[in-house]
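Encoded as structure tokens, the structure appears first; notes follow it.
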Amino acid sequence: MKVEGIIFSFFGLFAGAAALVYWFWSKDPTGTAALTLTTGLGFLVGGYLIFTGRRIGMRPQDLPDAEIADGAGELGHFTPGSYCPFFIGASAVTAAMGFVFGVWLIVLGAVLVVSFVTCLVFENFWHPPVPED
């Protein structure tokens, strides 16, 4: 993870330099703000990856003499299929359409988004996965 963190930090440094050059050359606040936010994003992801890489140590793919079997093992539980993301998207579109048709639709869409996000988060607690033999 250390290599990925360095790459993202370099990207943040490059975007910061580009933001400075862009500001002095064009004086455009919109593009400068976008490049500054991109700089922050690069440093945010890069810093997270560097600190996480320090905490968990070397991964098998970071070692030059690693074998394929070194990466074997359980990676965690992932839900095989869920309808919740579709309904979250549909509810978000409903909330966005509220800007056209009225505040009541924004409220309805927001309530639906919160309820479907809650459903997605707690899906494995309501129906826990069956352990495989």
Please verify whether GLY46 is in contact with a helix residue (DSSP H, G or I) (Cβ under 8 Å, 6 or more places away or on another chain) and open to solvent by less than 90 Å² (accessible area, probe 1.4 Å), treating the condition exactly as stated. yes
Cβ-Cβ below 6 Å, separation at least six or inter-chain, first residue in the range 3-22 and within 12 Å of GLY47 (Cα to Cα), second open to solvent by 30 Å² or more (accessible area, probe 1.4 Å): which pairs? GLY5/ILE50; PHE8/VAL45; GLY12/PHE43
Right, ALA34: under 19 Å from the mean Cα position of the chain (by Cα), among the small types (Gly, Ala, Ser) and assigned to a helix (DSSP H, G or I) or not? yes
Residue check for ALA66: on the phi < 0 side of the Ramachandran plot and surrounded by 10 or more Cβ atoms within 10 Å (Cβ to Cβ): yes
Residue check: is GLU74 under 22 Å from the mean Cα position of the chain (by Cα) and among the acidic types (Asp, Glu)? no
Find the residue count for the range 49-74, including only residues that are in contact with a helix residue (DSSP H, G or I) (Cβ under 7 Å, 6 or more places away or on another chain) and either among the charged types (D, E, K, R) or modelled with pLDDT of 85 or more (or both). 4
Inter-residue pairs, beta-carbon under 8 Å, first within 11 Å of PHE87 (Cβ to Cβ) and in the range 107-125, second exposed (fewer than 14 other Cβ atoms within 10 Å of the Cβ) and at pLDDT below 95, 6+ apart: LEU120/SER82; LEU120/PRO85
Going through the range 49-60 in order, the residues found to be in a helix (DSSP H, G or I) and open to solvent by less than 50 Å² (accessible area, probe 1.4 Å) are LEU49, ILE50, THR52, GLY53, PRO60
Scanning the range 17-42 residue by residue, the ones that are within 29 Å of GLN61 (Cβ to Cβ) and either surrounded by fewer than 17 Cβ atoms within 10 Å (Cβ to Cβ) or out of contact with any Leu (no Cβ under 9 Å at 6 or more places or on another chain) (or both) total 3
Number of the condition not met by SER91 [criteria: (1) open to solvent by 90 Å² or more (accessible area, probe 1.4 Å); (2) polar (S, T, N, Q); (3) under 30 Å from GLU123 (Cβ atoms)]: (1)
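Residues that are at pLDDT 95 or above, at least 2 per element: which helices (runs of 4 or more DSSP H) completely within the range 81-133 meet that? Break it down into steps so the answer makes sense when it comes.
Details: elements: 84-101, 103-121, 123-126.
Because the criterion is at least 2 residues that are at pLDDT 95 or above, the helices (runs of 4 or more DSSP H) in the range 81-133 that meet it are 84-101, 103-121.
The values are calculated or read from the model by the stated rules, or taken from the named source; none is laboratory data. The structure displayed is predicted, hence computed values, not measured ones. Glycine also receives a Cβ, built like all others from the backbone with ideal geometry; neighbour counts cover every protein chain displayed. Remember, those area values only see protein heavy atoms, side chains included, never the ligands or the DNA or RNA. Shrake-Rupley method; radii C 1.70, N 1.55, O 1.52, S 1.80 Å.
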